[in-house]
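Chemist: Below is the structure I would like to discuss, written out as structure tokens.
Every read-out reported here was derived from the displayed coordinates using simple, explicitly stated rules and does not represent laboratory data. Everything numeric in this text was worked out from a predicted model, so none of it was measured. Cβ coordinates were reconstructed from backbone atoms using ideal geometry, including for glycine residues, and neighbour counts include every protein chain displayed.
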Amino acid sequence: MRPPVGYLIKRTDGICGERGMFYDYILGGNGIWIEAEGKLLAVRVLVAPGLVRGLAPVDEKVELTHGRIPMRLYNLAGSVMAADRYHERFLAVTWEGEYRLREPWQDRGGAGVTYERLPDTVLDIHSHGTMPALFSGTDNRDEQGLKLYAVIGRVDMLMPEVKLRVGIYGYFAPIEFEEVFV
């Protein structure tokens, strides 16, 4: 049986070590990386940069199993968020044979939202109302899965702010809008 976490080394002739069931740490020439793959997403992000002589560098990877999310779902999410600019709101993009935008049960407030988690969610989206788009300490504590996360802020403006990141069980890396939406 495989261990829960794997520890790998990226040499010039390939990767060696034992892979874990949930995720792997990879020591490469450019630092320590974490890698995980689920049914909706395969991700590799840098945890700690560094120079390790003699090892090959590791590259970042963000791959959505079913391709990038249609831009129309982002536009719809922005419209839903803007409809109530004074309260935080949560939406999820799920995979159900196609990407769908879902609004689960939630308890919304001006400075927080509690929500039901939906199965097969690839992207969590929440708003910060009229505040800037940023990931808070509460977000960091709540967002502990293997998925994409977005926060939309300043929804009262013509062009709201959006921040995106990928999460691997508490490790985060910013990602570009074009990596997620098409």
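Chemist: Given the options Arg102, Arg72, Arg141, which has the most mean-square fluctuation in a GNM of the chain, springs set between C-alpha atoms less than 10 angstrom apart?
Modeler: It is Arg141.
Chemist: Please work out how much length the chain gains when fully extended from Asp84 to Thr138, using 0.36 nm per residue of separation minus the C-alpha to C-alpha distance, in nm with one decimal.
Modeler: 17.3 nm
Chemist: Another question about this same structure. Which of Arg53, Arg165, Arg85 moves most in a GNM of the chain, Cα contacts under 10 Å?
Modeler: Arg53
Chemist: In the stretch 91-182, what GluC sites (Glu not before Pro) fall in a loop by DSSP, with at most 12 other Cβ atoms inside 10 Å?
Modeler: Here the sparse-neighbourhood loop sites are Glu96, Glu98, Glu116, Glu176.
Chemist: Please give, to one decimal in nm, the separation of the simple spin-label points placed at Phe22 and Glu98, each 7 Å out from Cα toward the Cβ.
Modeler: 3.5
Chemist: Moving on. Given the options Val52, Val151, Val80, state which has the largest fluctuation in a GNM of the chain using a 10 Å cut-off (strictly under) for Cα springs.
Modeler: Val52
Chemist: Right, another one. Where in the stretch 102-182 are there chymotrypsin sites (Phe, Trp or Tyr not before Pro) that are in a DSSP coil and have at most 14 other Cβ atoms within 10 angstrom of their Cβ?
Modeler: Passing both the DSSP loop test and the Cβ count: Trp105, Tyr169.
Chemist: One-quarter of the Cα convex hull surface for the stretch 71-180, in nm²?
Modeler: Result: 6.3 nm².
Chemist: Obtain the nm distance between the two label points defined at Arg2 and Thr130 by a simple spin-label model: each point lies 7 Å from its Cα along the Cα-to-C-beta direction.
Modeler: Label-label distance for Arg2 and Thr130, simple model: 5.0 nm.
Chemist: Quick check: pseudo-label points 7 Å beyond the Cα along Cα→Cβ at Ile9 and Val47, how many nm apart are they?
Modeler: 1.7
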